[in-house]
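Each value in this text was obtained by applying a stated rule to the coordinates, not by laboratory testing. Predicted model only: the values in this text are computed from it and were never measured. Methodologically, a virtual Cβ is constructed for each residue, glycine included, from the backbone with ideal geometry; neighbour enumeration extends over all protein chains shown.
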Amino acid sequence: MGEESPKPASTPTGAVFLSYASQDAEAAKRICEALRAAGIEVWFDQSELRGGDAWDRSIHEQIHRCRLFIPVISAQTEAREEGYFRREWALAADRTRDMAYKRAFLIPVVIDNTPERGASVPDKFHELQWTRLPAGETPSAFVERVQRLLSPEASTTTRAGAASGAVRALGARARASGWSRRVLPVAAVVVVLGAVVYLTIERLRISKPAASSPTLASAAPTAFAPPPHSVAVLPFVNLSADKEQEYFSDGLSEELLNSLARISELQVAARTSSFYFRGKDVDLNTIAHKLNVASVLEGSVRRSGHTIRITAQLNNAVTGYHLWSETYDRDLKDVLKLQTEIATAVANALKITLLGDLAAKIELGGTRNPAAFDSYVRALKLHYEAVRAKEEQAAINGFTQALGLDPDYALAYAGRSLALSTLVLYYSTPAPTIPASLNRALIDARKTIALAPGIAEGHLALASAYESSLEFTRAGEEYERALAMAPGNARVLRDYGNFAVMMGKSDTGLTMLRRAAGADPLNWVSHLLLGGGLQTLRQYHEAIGAFSDALALASDASDAHTALGVAQYLLGDPQTALSSCEKVDEKFDNQRLCMAIAYRKLGRHADAEAALSKLKAYWGDSGPTLYAAVYAQWGDTTKALDWLDTAVRLRIPGLEGLKTDPLLDPLRNEPRFQAIERELKFPSS
């Protein structure tokens, strides 16, 4: 936007294009100066020497070349329907039209109180997280964010991590599922907040280690050299006449993925990262690079009644060669045998020497009853996509139906156990009903282990049920068993890492959370949980980086916005925290704790009380740990401790975070708090 003075060469020429209305020049200048002081190249015009062809050539070139485009939005830009900045915004929006990485290119900045909803900006700007920099005052956190996005690793991994419709849907589910009692407050605010979302994403996914991939903001780029025996399974395309059969094609894809994961010599990419590419026009080579796998399995499913046709093909992502393909026509009752056939063919194509009875490994815990299998995969889809308690209950009913058809279906017991724990943990549930639900979850998990002791699903379900029942020592033992069976699985690493951090085993937990983020790099929840672990360890700046990685993958994920807000609050910036929390639609209860504490810190007591009232209205008698965190931050020690006493008396899930949650720090020297901690019998760290 004009004549430039020489700048440091630490970032590429034309790295940032700053676009603004002339009336906002002073605020834009402050932003520009803060970025340039950090060695960032900024294209910033103060000359206003515009004119026809000269402007057109210069601006087109700069917007085409820049790495980040920052539009400065204000009441001034809202009031003006025309202006050079409008043309610049249109060019930038056009540039994103065919870009999978617009979240790494556009950073809308608001310098006043202009509301996000209804702002007259290009639609593309509304798809992104907005940043508020009042009057252009630019904090170091914003500069650091820009530096991360301009770093070489971000330019590759963030673009690869463009949020697809599937990932945006995950964000919507996350918002609707609300704050987990495990996360907020007693699980380090976000540790289980992320787990809330996590349980809605990969409930039953157990695999061998996924090929290692860098996280968005931490790992240096490396040459593409994936492990030779590594594979990603893409969701098979539903070619059935009934488009509602997608639940079946998804379920079968996941079962094939699980089958391959049971081959110890094979590394399988995590489900969420593999399914991330659903519906996207992305070539297999690109997918393989993003997941760091040597081969990709894809295919289609056509179902008619109890007859299925599956076409599968395996491609070498390094050479581009086609390795194997086959078409299978089978009766649905032979689906377990079919899984074994395909897994064997893939292993042979990859020249893996199979040890032991592969069929016994793959078919363990499954069913040969076609109706039971159909009910199971239908329940899985409901479980993954549930946003309300009634939908989670529908998943429980589906697993129950599958078990009615096959009482020895171990995986269905594991599914129902995890769904029962989810219903209690992440939805408002009357406190008197919690013990019965958790007892059912424990029974189902133990039944899974009795029927199929060699699969990790049962031990993971039992660990979750023990953790929710506040049996921490037993939960740790079951997590250890699940980890021994699936030592590199992202789901096990996330759950156990989250639990370990809450138990005070910070080194172990953080290592697992980092490995999980590397194993499942396109799953925003991996980065959310890593941020939660860092926040529990009071590493707030690092936590904000991880939450930013999560938002780069799912910009509308309410849990990530709220987690970011809590981290900003803990850093002593309640105004920025409030801005982050307000990005979440108020109908989602997960913003209310964040807003209650931020409002209070800002002296807006009436607003703080209103936010707490809404929090209580949603959670009722099942949310005392949340209320304790609010009162602890408000400085009302007596009410905070009273609510913790209530939580202990009712055995409310969520108390597992009491030992480490930063929001409870004001209570730690109180004798009543110390007595509660002793009563909960945390294992020694």
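A few remarks follow.
- Net charge in the neighbourhood of R86 (other residues with Cβ under 12 Å of its Cβ; Lys, Arg +1, Asp, Glu -1) is -2.
- Backbone phi angles across the range 422-435, fed through the Karplus curve with coefficients 6.51, -1.76 and 1.60 (θ = phi - 60°), yield HN-Hα couplings of 5, 4, 6, 6, 10, 9, 5, 10, x, 3, x, 8, 5, x Hz in residue order; Gly and Pro are listed as x.
- Coupling constants for the range 660-669 follow from the phi torsions by the Karplus curve (6.51 cos²θ - 1.76 cosθ + 1.60, θ = phi - 60°), and in residue order they are 10, 5, x, 5, 9, 4, x, 9, 5, 8 Hz; glycine and proline get x.
- Given K616/K681; K243/K381; K361/K505, the pairs whose alpha carbons are separated by over 23 Å: K616/K681; K361/K505
- Over the range 379-464, relative contact order from alpha-carbon pairs under 8 Å, at least 6 apart, %: 27 percent
- For S230, residues with placed amide H under 5 Å, excluding near neighbours: Q267, A294, S295
- Partners of K639 within straight-line reach, counting aspartates and glutamates whose Cα lies under 18 Å from its Cα and excluding those fewer than 8 residues away in the same chain: E609, D621, D661, D665, E670, E677.
- Based on C-alpha pairs under 8 angstrom that are at least 6 apart in sequence, the range 398-541 has a relative contact order of 15 percent.
- Taking packing as the residue-averaged number of other Cβ atoms within 10 angstrom, the listed peptides 495-505, 525-535 run from highest to lowest as 525-535, 495-505.
- The amide H of S19, built 1.01 Å from its N in the peptide plane, has I70, V72 as neighbours under 5 Å, considering only residues 5 or more places off or on other chains.
- Amide H contacts under 5 Å for V237: G299, S300, V301, restricted to partners 5 or more places along the chain or on a different chain, H placed in the peptide plane at 1.01 Å from N.
- Per-peptide average of other Cβ atoms within 10 Å, ordering 479-485, 541-547, 556-562 highest first: 556-562, 541-547, 479-485
- Taking F472, F236 and counting other C-beta atoms within 10 Å, the order from fewest to most: F472, F236
- Which of T77, T637, T138 has the fewest Cβ neighbours within 10 Å, and the rest in rising order: T637, T138, T77
- Cβ crowding within 10 Å, taken as a proxy for footprinting-reagent exposure, orders W89, W130 from fewest neighbours to most as W130, W89.
- Listed peptides 366-375, 312-321 by packing density, highest first (mean Cβ within 10 Å): 366-375, 312-321
- Our summary gives the range 230-364 a relative contact order of 26 percent, counting only alpha carbon pairs under 8 angstrom and 6 or more residues apart.
- Under Karplus coefficients 6.51, -1.76 and 1.60, residue-wise ³J(HN,Hα) of the range 513-523 in Hz, glycine/proline x: 5, 5, 5, 5, 5, x, 7, 10, x, 9, 9
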